[in-house]
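Structure first, then comments.
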Number of protein chains: 2
Amino acid sequence: MLRNIVAPLRGAVRRSAVVQCRAYATSGPYGNFYYDKLQIEKSKNLKQRPDENTLSFASVFTDHMLVCEWDAKHGWDVPKIVPYQKIPLEPSATVLHYGLECFEGMKAYTGQGKNKNEHYLFRPEKNIERMNRSCARIALPTMKVDEVVKSIAKLVDMDKEWIPKQKGYSMYIRPTMISTEPTLGVAPAKHAMFYTILAPSGPYFKNGFKPVKLYADGTYVRAFHGGTGEYKLGANYAATVMPAILAAQKGYDQILWLTGEDKQVTEVGAMNLLFYWVNKNGEKELATASLDDGLVLPGVTRASVLELCREWGIKVNECKLTIDDVVTAIKEKRMIEVFGAGTAAIVSPVNCIGYQGVDYEVPTPADGLTVKLFNHILSIQHGELGHEWCRNIKDYI
Amino acid sequence: MLRNIVAPLRGAVRRSAVVQCRAYATSGPYGNFYYDKLQIEKSKNLKQRPDENTLSFASVFTDHMLVCEWDAKHGWDVPKIVPYQKIPLEPSATVLHYGLECFEGMKAYTGQGKNKNEHYLFRPEKNIERMNRSCARIALPTMKVDEVVKSIAKLVDMDKEWIPKQKGYSMYIRPTMISTEPTLGVAPAKHAMFYTILAPSGPYFKNGFKPVKLYADGTYVRAFHGGTGEYKLGANYAATVMPAILAAQKGYDQILWLTGEDKQVTEVGAMNLLFYWVNKNGEKELATASLDDGLVLPGVTRASVLELCREWGIKVNECKLTIDDVVTAIKEKRMIEVFGAGTAAIVSPVNCIGYQGVDYEVPTPADGLTVKLFNHILSIQHGELGHEWCRNIKDYI
């Protein structure tokens, strides 16, 4: 089988290659991104802030952005917070030709009740650590995690009036790294830019917790052994747009990406996917695709869900799953719940998986694990539970 | 085997999906890109043109660029030729986040001898046809091929003094399509931009015909069944940069990308790869990866080489090839020549393939097929053979 042949090879070879990548990207003066050198230019034309009840996902941006330029000779320039503005790019910049770009998605939240004037970040260092791994994979520069998190916290603090106040609302944070190299050879960028923009966003589920229908697709493939599925590269997203249109035309909300000869279950593109089921041995467990094969994004929400479930005494199984495993469990009524986990929706219940012309229905109990996780994580994010994952932005700056 | 399971599925399903993609991208007002509406703004600050003997690949750009903007409601705006300039992009433009970009590579040539004041394009319509397929795959708009080719010819004509004069030199043409959609949802772009820039370039082989060493890599994978290997998307290039660094550290010039359980031979990233050998049945033939599996770019130079060889009575075999087939042929001394074919180098001889720690030497005869093809195609491109593939830019505008 594909996996048996490729996976052992990947195990050692891939890890050594990844180590080489990281050594490349972090050697030299590349780590010299310093928060204490941050320069601030305040916007003189503050924008009208939208009514938070009208907000959709990440289509309105705040007054400021964080920008820092890098070149291979000098490393990082000083980071700057500047008025939100267009980025003038050379038409030859290789971000526009060879997809030399990666990004992150995280959020800032407003406290509730007596903490209504406080604002919080949820595990931002996890995102910047992952961004460094993404950058290294495509030979873009890396940064010191703490310095970047502090700089982003400062940006969030400057635009904190934009953070929506209601529970379930948040301000989406988009750190981005692009190659600005202006020569057309397919080669490592000698010029790059890191920037971060902020977008106040409404809740993913405007009218309560709406389950999604997934289309399990074996025609188009998102990730594969030897590919980049575990990194948050722009390159992983381009090819997903057209299949998503075709799935929507068939009445589905999102695609459950399958890969390989045995149609391994990977993720939903915007979310990791988790199965709360009774396994073949009769044990109740939460199963999800393992990170070992490099086929799924190591989601921060995924990790948080798994940590919480382990804490709550639920058996967690990070393993190889195939679409046949999933369909069989549904047919045998062993599937308790299925949900996605990601920054946008936190957790998103799944009520149907379409595969080979059949719609397999999945239960969505109102008092189930999905709802419990959603409420618990949301309360952590809004600072209501005093959890170590959630820190006041004041603590960073 | 992977191929046996996926390929039949792809055959029908994929083709129907591609048809749907194309229907999506070309319906509505998307085809309304008209050459006769072209607006021209001449540069008032012409640049100093470099000495053509100092030119490398695509690092200097000419005085003008072709630009046309598109939105989903109105289709294409009027195309414009404007002074070469930076493109101001919203920081949220999805080309910078989700790799929603594709491009082409083609060239303009100066005539030789009595035709030294003439300038030529080589099969440009093939490139724009391929660009439309790339666009459709990622839900970017398509264009009428003839209208685009005329517009590009006009741009080349305006900057024709930049086309290097010596044989083997050329002006590289880079048509590019990017999403300018300024909202962060992973969704079809409702705003896009097409542009074309020009870069005078020296010959690929500055000091004569230098053979390249390839590293056959099964660790990192460029293309896979269900992926986008057959389209010229930025997304296909991002992940190749780091493995190329690692191969260079080992002393190789380029990577021969393998894929699948049986390590199928695909292409070299910047070139298709062709094997002139005596096959297992004792027949002399030119073999190369078939286009059927969607794993290799359908190169214009590849197609031209195959057409010429068929014309010359050489047996051509577009088939599935594995690295074992290649290595066995070299060991059994059945390999006559190996060469890459692409716009940059035309054809590029290969003298070594490194695989699993062994360097397999390949002959590079001075009077072989590779050299014959190089000289013949170069003469066509410079207008010396009066071939239908080569047209004077005056004929387009």
Fluctuation leader among B:N117, B:N375, B:N272 - chain B, Gaussian network, Cα springs under 10 angstrom: B:N117
Computed FRET value (nearest 0.05) for A:N279 with A:N375, which takes r as the C-beta separation and R₀ as 25 Å: 0.45
Shielding of A:229-236 by partner chains, average beta-carbon count, 10 Å: 4
Candidate aspartates and glutamates - alpha carbon under 19 Å from B:K213, same-chain residues fewer than 8 apart omitted: B:D253, B:E267, B:D324, B:D325, B:E337, B:D359, B:E361
Simple label model, 7 Å out from Cα along Cβ direction - B:K394 to B:K210, nm: 3.8 nm
Trypsin sites (Lys or Arg not before Pro) restricted to DSSP loop in the range A:97-133 with at most 16 other C-beta within 10 Å: A:K116
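Quick one: compute a quarter of the convex hull surface over the Cα atoms of the protein assembly as shown and quote it in nm². Before the final figure, lay out each step's value.
Working: hull surface 135.8 nm².
The number I arrive at for the protein assembly as shown is 33.9 nm².
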Under 20 Å from A:K315, Cα to Cα: lysines that are on another chain or at least 8 residues apart: A:K280, A:K284, A:K333, A:K372
For the range B:163-318: relative contact order, % (alpha-carbon pairs under 8 angstrom, 6 or more apart): 17 percent
A:L46-B:K333 FRET efficiency (beta carbon distance; Förster radius 56 Å; 0.05 resolution): 0.15
Listed residues B:N45, B:N236, B:N115, most fluctuating in chain B (Gaussian network, C-alpha, under 10 Å): B:N45
Helix-only CD estimate at 222 nm, as mean residue ellipticity for the protein assembly as shown, using -39500 (n - 2.57) per DSSP H run (n ≥ 4): -7000 deg cm²/dmol
Relative contact order, percent, chain A [alpha-carbon distance under 8 Å, six or more residues apart]: 18 percent
Over chain B: Kirkwood hydrodynamic radius from C-alpha pairwise inverse distances, Å: 22.2 Å
Residue among B:G229, B:G105, B:G368 with the largest mean-square fluctuation in a Gaussian network model of chain B, springs linking Cα atoms under 10 Å: B:G368
Highest-first arrangement of A:146-157, A:306-317, where packing means the average Cβ count within 10 Å: A:146-157, A:306-317
Formal net charge of residues neighbouring A:G234 (Cβ-Cβ distance under 11 Å; K, R +1; D, E -1): -1
Reference-scaled alpha-carbon Rg (2.2 N^0.38 Å with N residues) for the range B:94-160: 1.37
Per residue, the convex hull volume that the Cα atoms of the range B:212-363 enclose (Å³): 105 Å³
Net charge of Cβ neighbours under 13 Å - reference A:N351; Lys, Arg +1; Asp, Glu -1: -2
Label-to-label distance, nm, for residues given as B:N317 and A:E311 (7 Å Cα→Cβ offset): 6.3 nm
Anchor A:K80: aspartates and glutamates whose Cα lies under 17 Å away (excluding residues fewer than 8 positions away in-chain): A:D36, A:E41, A:D63, A:E69, A:D71, A:D146, A:E147, A:D157, A:D159
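Based on alpha-carbon positions alone, could you give the equivalent ellipsoid semi-axes of the range B:2-206 from the gyration tensor, as √(5λ), descending, whole Å?
Equivalent ellipsoid semi-axes, largest first: 32, 21, 16 Å.
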Overall dimensions of the range B:113-195 as given by Cα atoms, namely Rg and Dmax in Å: 16.1, 56
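No lab work stands behind these numbers, since they all come straight from the coordinates. Computed from a predicted structure; not experimentally measured. Positions of Cβ are generated from backbone atoms using ideal geometry, with glycine treated the same way; all protein chains shown enter the neighbour counts.
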